[in-house]
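Here's the structure we're looking at; comments come further down.
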Amino acid sequence: MAASVDLLCVKNDLYDEVPRFFGKKLKKFAGRYFDNGRGRRMLVLFDETTVPSVAETIRGASFKGKVKIYVFAHGDYAYNEEFEEVADKVELCALPAAIRNAYRRVIGKYRPQEDGE
């Protein structure tokens with residue numbers, strides 16, 4: 001996942017990592033937050049169970065612009081419903097397909113085969 005975050009940083013031209021997301025400390029296993037200090041922000045969530053608390057944090061925050069949010073999740077669900085109340089403050093982004101497909105190819109190679117396969 002770390003390599004994917006690096007690619008997202010390049011894609012979004014955001015490299016300034018901030019340890020707090022609108023005042024709340026992010027645990028490394030939960031996600032990483034980037035803010036250039038000039039209104040461009042990106043949050044990458046590794047743990048989809050953090051989505052409700054992130055939406056709540058955004059609901060209580062006052063800022064200009066939007067936060068671009070990537071969620072590493074099973075499937076293609078972008079969590080639109082969970083962020084519905086703060087839709088004006090977020091830009092939900094699907095994990096780039098190339099990265100997701102690369103993970104699937106690698107994981108598929110290392111899955112143990114059952115007898116008879």
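The values are calculated or read from the model by the stated rules, or taken from the named source; none is laboratory data. As the structure is a prediction and not an experimental result, all values here were calculated from the model. Note that each Cβ is placed from the backbone with ideal geometry, even for glycine, and that neighbours are counted across all protein chains shown.
Once the stretch 25-38 is narrowed to residues that are surrounded by 14 or more Cβ atoms within 10 Å (Cβ to Cβ) and over 12 Å from the mean Cα position of the chain (by Cα), the residue that is modelled with the lowest pLDDT is L26. When residues in the stretch 45-58 are screened for being at pLDDT 95 or above and in contact with a helix residue (DSSP H, G or I) (Cβ under 8 Å, 6 or more places away or on another chain), 2 of them pass. Condition check for L14 on (1) outside any loop (DSSP other than H, G, I, E, B); (2) at pLDDT 90 or above; (3) hydrophobic (A, V, I, L, M, F, W, C): one failure, at (1).
In the stretch 1-29, the residues that are of a type in the set (D, E, K, R) form Cβ pairs under 7 Å with partners that are assigned to a helix (DSSP H, G or I), at six or more places apart or across chains, as follows: K24/T57.
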